[in-house]
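A.B. asks: Input: one structure, supplied below.
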Amino acid sequence: EDQVTQSPEALRLQEGESSSLNCSYTVSGLRGLFWYRQDPGKGPEFLFTLYSAGEEKEKERLKATLTKKESFLHITAPKPEDSATYLCAVQALNSGYALNFGKGTSLLVTP
Amino acid sequence: GAVVSQHPSWVICKSGTSVKIECRSLDFQATTMFWYRQFPKQSLMLMATSNEGSKATYEQGVEKDKFLINHASLTLSTLTVTSAHPEDSSFYICSAPRRTTEAFFGQGTRLTVV
């Protein structure tokens, strides 16, 4: 059974304090690994899709990396507006494009 | 801007009534859309896959007679919660893949059944 585990559940950073969020996964054939940002009461906002081990993608202060077992979302010099829940999801080859989500990491960046 | 639009963003209904939620892809056609449900501080759980022109497929444990899905066109899927009860109160979110590489989500609908 496909599984996605995100850690930590919650993370509090000071503005400018870089850190990484982890997403460990097991899947029977990975089509893609997705990262989303979700603000309270909103739908998830697409950030990245990664497909193969060794792949990296960047967007502003965020950088996502992928290995065969896990993905990291690195946040460099975060700002308070980066506060949100970050969701990781895997798309299996046999899933018909549905996503299997982890529980998310709730990030709070304080000034 | 948003590429998937979901309406309404919130709704309060009385127990026993039905509620319809719409999901539209704005600048692309989606033969498949997905409906998820999210409880507070929990992950998104896939409820069903909406297929244009054919029946929806439901995940195990999801009652197809309670959660009616209609994918009437290539840009519109609807989820109707029938005979709603307080335990159906949740955050419902739709998703449409623009390409295999991009899965976009609607804004979500907060359903409260009183």
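Derivation of every value follows stated rules applied to the coordinates shown; laboratory data play no part. As the structure is a computational prediction, the values presented were derived from the model and not from experiment. Don't worry about glycine lacking a Cβ; one is built from the backbone with ideal geometry, like all the others, and counts go over all protein chains shown.
A.B. asks: Determine the distance separating the Cα centre of the range B:31-54 from the Cα centre of the range B:59-111; give it in Å without decimals.
C.D. replies: Spelled out, the Cα-based centre of one part sits 5 Å from the other.
A.B. asks: For the range A:41-57, in order, what is each residue's ³J(HN,Hα) by Karplus, 6.51 cos²θ - 1.76 cosθ + 1.60 with θ = phi - 60°, in whole Hz (x at glycine and Pro)?
C.D. replies: Taking θ as phi minus 60°, the curve returns x, 10, x, x, 9, 5, 10, 9, 10, 10, 10, 9, 4, x, 6, 9, 9 Hz for the range A:41-57.
A.B. asks: Let me ask something else about it. Please work out the Kirkwood hydrodynamic radius for chain B, using every pair of different C-alpha atoms, and report it in angstroms with one decimal place.
C.D. replies: Result for chain B stands at 14.0 Å.
A.B. asks: In percent, how large is the relative contact order of chain B, given Cα pairs closer than 8 Å and 6 or more residues apart?
C.D. replies: 37 percent.
A.B. asks: Where a Cα-Cα gap under 16 Å defines reach, which aspartates and glutamates qualify for A:LYS69, not counting those fewer than 8 residues away within the same chain?
C.D. replies: List returned: A:GLU1, A:ASP2, A:GLU55, A:GLU56.
A.B. asks: Mind telling me which of B:VAL81, B:VAL62, B:VAL19 comes out most flexible in a GNM of chain B, alpha-carbon contacts under 10 Å?
C.D. replies: Looking only at B:VAL81, B:VAL62, B:VAL19, the largest GNM fluctuation is found for B:VAL62.
A.B. asks: Between A:GLU60 and A:ARG31, what is the label-to-label distance in nm when each label sits 7 Å out along the Cα-to-Cβ direction?
C.D. replies: So the label points at A:GLU60 and A:ARG31 sit 2.9 nm apart.
A.B. asks: Mind checking B:105-111 for the average number of partner chain beta-carbons within 10 Å of each residue's beta-carbon?
C.D. replies: Per-residue shielding by partner chains comes out at 3.
A.B. asks: Still on this model: Restricting attention to chain B, give the cysteines that have no other cysteine Cβ less than 4.7 angstrom from their Cβ.
C.D. replies: B:CYS13
A.B. asks: To continue, here is another question. One-quarter of the Cα convex hull surface for the protein assembly as shown, in nm²?
C.D. replies: Mean orientational projected area (the protein assembly as shown, Cα hull): 12.1 nm².
A.B. asks: Kindly put B:ASP65, A:ASP39 in sequence by how many other C-beta atoms sit within 10 Å of each C-beta, fewest to most.
C.D. replies: Ascending number of Cβ neighbours within 10 Å: B:ASP65, A:ASP39.
A.B. asks: Follow-up question, since we're still on this one. May I ask you to list the aspartates and glutamates whose Cα is less than 14 Å away from that of B:LYS66, ignoring any residue fewer than eight positions away on the same chain?
C.D. replies: B:GLU87, B:ASP88
A.B. asks: May I pose another question? Per residue, how much space in cubic angstrom lies within the convex hull of the C-alpha atoms of chain A?
C.D. replies: 89 Å³
A.B. asks: Hey, got the average number of other protein chain Cβ atoms within 10 angstrom for residues in A:31-44?
C.D. replies: 4
A.B. asks: While we're here: My understanding is that a pair violates if its Cα-Cα distance is over 25 Å; which of A:LYS68/B:LYS64; A:LYS63/A:LYS103; A:LYS57/B:LYS41 do that in this structure?
C.D. replies: Going by Cα-Cα distance, A:LYS68/B:LYS64; A:LYS57/B:LYS41 fall outside the 25 Å limit.
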